[in-house]
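Presented below is the structure to which this report refers.
The values are calculated or read from the model by the stated rules, or taken from the named source; none is laboratory data. Small disclaimer: the values here were computed from a predicted structure and weren't measured. All Cβ positions, glycine included, derive from the backbone under ideal geometry; neighbour counts span all protein chains shown. All accessible areas refer to the heavy atoms of the entire protein, side chains included, with ligands and DNA or RNA removed. Shrake-Rupley method; radii C 1.70, N 1.55, O 1.52, S 1.80 Å.
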Amino acid sequence: MEVDERYHIIADYYNKRDELRKLWEEIEELENELKSATNPFDLPDLVYLTPNTYSEMADVIIVCINVAIQQGKLKELLGQMDYKLNRQIRRIAEEKNENGR
């Protein structure tokens, strides 16, 4: 699996130090947005995120991919994403089996 060429253009333009700093900055901004989420009745499916949360999520994902490209670890990152998605699907299937669903 490969990513859009635009990631490579950005990763090649910025240096590793600056892109790592950018990642920390974007993580902090996402953290602040997530702290603004509300769940007024503490119900499991009644969580309200601010509209900007999705923009901050995108920033973190993009910069993570850029950092992986800069470190020569894009294949590993994408492999870990695939592994973790499959692992979670297995866990859900096991939980459904345990609960008789």
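Computed 3J(HN,Hα) for segment 88-93, one whole-Hz value per residue from the Karplus formula 6.51 cos²θ - 1.76 cosθ + 1.60 where θ = phi - 60°, is 5, 4, 4, 4, 5, 4, glycine and proline marked x.
Averaged over its residues, the chain has an accessible area of 79 Å² per residue, based on protein heavy atoms and a 1.4 Å probe. The simple spin-label model puts a point 7 Å past each Cα toward its Cβ; for residue 35 and residue 96 those points are separated by 3.8 nm. Among the listed options (1) -0.32, -0.85, -1.36; (2) -0.42, -0.92, -1.22; (3) -0.51, -0.98, -1.15, the one matching log10 I(q)/I(0) by the Debye sum over Cα atoms at q = 0.11, 0.18, 0.24 Å⁻¹ as calculated from these coordinates is (3). If one takes the longest principal axis of the Cα atoms in the chain, at what angle in degrees, from 0 to 90 and to the nearest 10, does the Cα axis of helix 53-70 lie? Between helix and principal axis, roughly 50 degrees. Measuring with a 1.4 angstrom probe and ignoring ligands and nucleic acids, residue 89 comes out at about 110 Å² accessible.
Taking GluC sites (Glu not before Pro) across segment 1-81, the ones in a DSSP loop with at most 13 further Cβ atoms lying within 10 angstrom of their Cβ are 2. Helix 16-35 and the long axis of the chain differ in direction by around 30°, with both axes built from C-alpha atoms.
Over segment 24-91, with every protein chain in place, what whole percent of the accessible area is carbon and sulfur at 1.4 Å, could you tell me? Don't jump to the answer; show the numbers that get you there.
Details: 2960 of 4930 Å².
Here carbon and sulfur together make up 60 percent of the probe-accessible area.
Can you tell me how much longer the chain between residue 18 and residue 52 gets when fully stretched, taken as 0.36 nm per residue apart minus their C-alpha distance, in nm with one decimal? Don't jump to the answer; show the numbers that get you there.
Numbers: separation 34, 0.36 × 34 = 12.24 nm, distance 2.35 nm.
Using 0.36 nm per residue and subtracting the Cα-Cα distance, I get 9.9 nm.
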